[in-house]
Structure formats: C-alpha cells, structure tokens
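The values are calculated or read from the model by the stated rules, or taken from the named source; none is laboratory data. In this text, all values refer to a predicted model and were calculated from it rather than measured experimentally. Cβ atoms come from the backbone with ideal geometry, glycine included; neighbour counts cover every protein chain shown. These area figures cover heavy atoms from the full protein model, side chains too; ligands, DNA and RNA do not enter into them. Shrake-Rupley method; radii C 1.70, N 1.55, O 1.52, S 1.80 Å.
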Amino acid sequence: MAWEVAAGRFFLLQNLHKMGDFVKLKAYAERFRREAEQRGNIYLQTTISRLCNILWLVADDPAGARTDLEAGAWAFSLGYHVQHWHELSARVDIAIYEGSSIDRKFFSEQLTAVRRSAILRVIGYRCETAWMIGRMALAEGCRGRLKPAHRSGVDREAVLVRDALHEDAGLHAPRHARGARRRASRRGARLP
C-alpha cells in the first residue's frame, strides 16, 4: 500500500508541476516531503526534492535550487533512476533560468545514461527528454553559444527521441508488419 500512495503522490506533484500550479505544488510538496522524512522514505524525499526543484526558481532563488539538489544527493549509484533524470531536468531548468550553460560533460554523460537506462521506455520520460533537449538547444542558440558540432548532436538526440515516440504511436506498424512477415517466411509460415 505504501508504494501505491507514493506513486499517487508522485503523479499528483508531476501533474501540478506540468500545469504550472505552483501554489498547490508547494503546499503538497512540503506536506509530502515532511511525511516522507518522518517515515524515513529517502526515495520519496529525493524524488520530491528533484521534481519540485522548480519551486526555488519560482521564488527567484537559483542558488537555493542548487543547494537543495546537492543536499539531497541520490546516493544509489547502481543504474540510472528517476531521481537522476529529475536532477538533470532541474539542472537544465536552473541553467535556462540563469541564462548560463549547463556543464556539457555532465549533460552528455546524463543523456548517455538515460539512453542506456529503461527510462526512455516510458513515453512520458521520452517526451520530457525531447522537450529538455529542445529547450537547451533554444536557450543555447538564443545566447549564440550553440556550436555547429553541438547542433548536430542535439539533432541526433531529437531524431532518436522522435523515432521512439513514433514507434509507440504505432506510426511504424506497416514496417513492423513487413518485418514480421519476413521472419515468418524464413520459418516457412505465411502471414497476411
């Protein structure tokens, strides 16, 4: 039951974040974080602090946003978790808010880890990753800092995410059907 409650709270916070209802987001985040601390639920505490890190920016406190990320470091290094992804997203938000560049090495390492993880199997994270890459590219381009070499990397990432989204939407169904027919014919079977 605790897992279901935590998941419900996560989705509530995520929806409030996406809707831009920062007043309710702050109220729920403070309550849920306090309860998670009382129960010693590090997973939920860390997830909430990263997902709701934008509240520091809403309060015009990018230094507080950075401090909050560093204070609640996600210590589990085996694999790539949603906490890592939300930290990346928060750092992108901070960089865009400040008009500064995100550390390219960090960004590149994180995107590589995202691609190797199972996170992009979830369409919401795929869409958000594409949105994050696009926002970074626009911010860098507006500041004249996006070099041609980086543009091609951003384009490559955008194509990978776009293709993955199209597959989920079933837009490649005819191609998959042809592949299935080819595999079946190799086994001597026939498919329509």
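Values computed for the structure shown
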item: Region 103-119 - residue that is outside any helix (DSSP H, G or I) and modelled with pLDDT of 85 or more and, of those, surrounded by the fewest Cβ atoms within 10 Å (Cβ to Cβ); result: Ala118
item: Any hit, region 15-35, residues being open to solvent by 100 Å² or more (accessible area, probe 1.4 Å), of a type in the set (A, V, I, L, M, F, W, C) and within 19 Å of the chain's Cα centre (by Cα); result: yes
item: Any pair with Cβ under 6 angstrom, 6 or more apart, that starts in region 20-40 at a residue that is at pLDDT 90 or above and ends at one that is surrounded by fewer than 17 Cβ atoms within 10 Å (Cβ to Cβ) and in a helix (DSSP H, G or I); result: Phe22/Val58
item: Single condition Asp60 does not satisfy, out of (1) touching a Phe, Trp or Tyr at 6+ places or on another chain (Cβ under 8 Å); (2) modelled with pLDDT of 90 or more; result: (1)
item: Residue within region 84-102 that is free of Cβ contacts under 8 Å to residues at least 40 places away in the same chain, more than 22 Å from Gln45 (Cα to Cα), open to solvent by 50 Å² or more (accessible area, probe 1.4 Å) and aromatic (Phe, Trp, Tyr) present; result: no
item: Boolean, Ile133 is under 17 Å from the mean Cα position of the chain (by Cα), within 21 Å of Val5 (Cα to Cα) and crowded, with 20+ Cβ neighbours inside 10 Å; result: no
